[in-house]
1. Specify which of the listed residues (ALA50, ALA46) is at pLDDT below 95, of a type in the set (A, V, I, L, M), within 30 Å of ARG223 (Cβ to Cβ) and surrounded by 20 or more Cβ atoms within 10 Å (Cβ to Cβ).
2. Select from the stretch 201-217 the residues that are surrounded by 12 or more Cβ atoms within 10 Å (Cβ to Cβ) and within 23 Å of the chain's Cα centre (by Cα) and write down the one among them that is modelled with the lowest pLDDT.
3. Give the residues of the stretch 37-93 that are more than 35 Å from the chain's Cα centre (by Cα) and basic (Lys, Arg), sorted by residue number.
4. Determine whether the stretch 109-122 contains at least one residue that is of a type in the set (D, E, K, R), at pLDDT below 95 and touching a Phe, Trp or Tyr at 6+ places or on another chain (Cβ under 9 Å).
5. If I ask for residues that are outside any strand (DSSP E or B) and within 28 Å of HIS137 (Cα to Cα), which ones from the stretch 85-123 would you list?
6. Determine whether the stretch 11-21 contains at least one residue that is touching a strand residue (DSSP E or B) at 6+ places or on another chain (Cβ under 6 Å) and at pLDDT below 95.
7. List pairs: first residue in the stretch 124-149 and in a strand (DSSP E or B), second residue among the acidic types (Asp, Glu) and surrounded by 14 or more Cβ atoms within 10 Å (Cβ to Cβ) anywhere in the structure, Cβ distance under 6 angstrom, at least six positions apart or on different chains.
Amino acid sequence: MMSFPRRSFSFVIVACALAAPLVAPGAAHAIERLITVSGDATVAVAPDLAMIRLGVTSQAKTAREASDANAKQMTSVLAAIKEAGIADRDVRTSRLSLQPQYDQSKPGAARLLGFQVTNQVTVRIREIDKLPSILDHAIAAGANEMSGIEFIVSEQSKLLDQARDDAIADARRKAELYAKAAGVKLGSVTSIVEEGSSPPPRPVMQALRAGAVPVAPGEQMLRAAVTVSFELTP
C-alpha cells in the first residue's frame, strides 16, 4: 500500500481549513426579496394652442412676375391675419421657394412653361376658439394652400406630473395586492423606471375651401407609465 509523505498530508489539512470560511452558513441571507410591477395613468385634456401652416402659391411666365404676384397676395394674407388679432411674434416664415415649371408631356427636351413661387408662414394661435375665424380671414385674403393644423397642450409637463403621481399610486396598489396574496408585507421602493411614450397625434386638415372652416380640436390623452420595484418583508 502506498503512503503519502507527511508534508503533503499537512498541506491538505491547511488548505481545507482556509477554504472553510468561504462557504460559511448564513451566506444566503443576501438574496433580495423584491416585487416589480408596472403602473400607468392617463389625463385627458383639451388643447389650448394651435399652430397652422398656410400660404400662397403663385404661377407666371417669368420668375419676376410670379414673385411679384405672390408678394402682393401674401401681403394681403398677412394683413388679414394681423387684423384677426395675431401678433407679429406669432407669425414666422416657414417656407419660401421659386421653382421652374416644365412641360414634360412630350418626348424630347422639356419646355419651360413658367415659374412657381410658394410662400408659407407658421402662425401660433393662442386663443384657440378664434381659429375658424382666422382661417376664414386668411382664405378670403388669398391663402390657397395649407400643410396642416397642429393642436398643442401648453402646460403638458404640469399635467404629466399629475399622471406620474397617479401611475406611482397604481403601481403601489398592484404591489400591495400581490404582497397580501403572498402573505408578506410591502417594504420601501428600490427603483422607479419611467417608460417612454409617443407624442399625441397631430390632426391635419387636408384641404382649404371657401366659407366657414370646420375645426375640431378634440382632446389629447397624456400618459405616464412606470415600472417600480418594492422590497418584501416577512
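1. From the options ALA50, ALA46, the qualifying one is ALA50.
2. So, considering only residues that are surrounded by 12 or more Cβ atoms within 10 Å (Cβ to Cβ) and within 23 Å of the chain's Cα centre (by Cα), the one modelled with the lowest pLDDT is MET205.
3. LYS61, ARG64, LYS72 - these are the residues of the stretch 37-93 that are more than 35 Å from the chain's Cα centre (by Cα) and basic (Lys, Arg).
4. Checked against the condition, which is being of a type in the set (D, E, K, R), at pLDDT below 95 and touching a Phe, Trp or Tyr at 6+ places or on another chain (Cβ under 9 Å), the stretch 109-122 yields at least one hit.
5. Within the stretch 85-123, GLY85, ILE86, ALA87, ASP88, ARG89, ASP90 meet the criteria.
6. Looking only at the stretch 11-21, we keep the residues that are touching a strand residue (DSSP E or B) at 6+ places or on another chain (Cβ under 6 Å), and these are none.
For the stretch 11-21, residues touching a strand residue (DSSP E or B) at 6+ places or on another chain (Cβ under 6 Å) and at pLDDT below 95: absent.
7. Short answer, once both residue conditions are applied: ARG124/ASP90.
The values are calculated or read from the model by the stated rules, or taken from the named source; none is laboratory data. These numbers come from a predicted model, not from an experiment. Cβ coordinates were reconstructed from backbone atoms using ideal geometry, including for glycine residues, and neighbour counts include every protein chain displayed.
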